[in-house]
Amino acid sequence: MELHLDRKVAEKRIYPAINVRRSGPRREDLLTNEEELQRMWILRKLLSSMEDVQATEFILINLKTLKPTMIFLMR
């Protein structure tokens, strides 16, 4: 797992100050099935159109409202 922290996110007082666009496992294809992998790629495409702070806020807000991660990935 590569975890990238972001000073801009921390300056906005968003914790954990993770850069969600740059962070992730190196071989996620070995960790999940094909359906979940496709959903993660869709999520990454969505996040790639956002700024780093906006992407982190998006993930945190959705994880707070949708408790199980699988529900979040199924959206």
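The values are calculated or read from the model by the stated rules, or taken from the named source; none is laboratory data. Here the structure is a predicted model, which means the values were calculated and not measured. Using ideal geometry, Cβ is built from the backbone for each residue, glycine included, and neighbour counts are taken over all protein chains shown.
Just so you know, in the range 22-75 the residues that are hydroxyl-bearing (Ser, Thr, Tyr) and not in a helix (DSSP H, G or I) include one that is modelled with the highest pLDDT, and it is Ser49.
Picking from residues in the range 8-21 that are within 20 Å of Lys64 (Cα to Cα), without any contact (Cβ under 8 Å) to a residue 12 or more places away in the chain and not aromatic (Phe, Trp, Tyr), the one that is surrounded by the most Cβ atoms within 10 Å (Cβ to Cβ) is Ala10. Among the residues of the range 22-49, those identified as surrounded by 14 or more Cβ atoms within 10 Å (Cβ to Cβ), under 26 Å from Ala10 (Cα atoms) and in contact (Cβ under 8 Å) with a residue 24 or more places away in the chain are Met40, Leu43, Leu47.
Only residues that are more than 16 Å from Glu2 (Cβ to Cβ) and either modelled with pLDDT under 90 or within 12 Å of the chain's Cα centre (by Cα) (or both) were counted across the range 12-21, and they come to 2.
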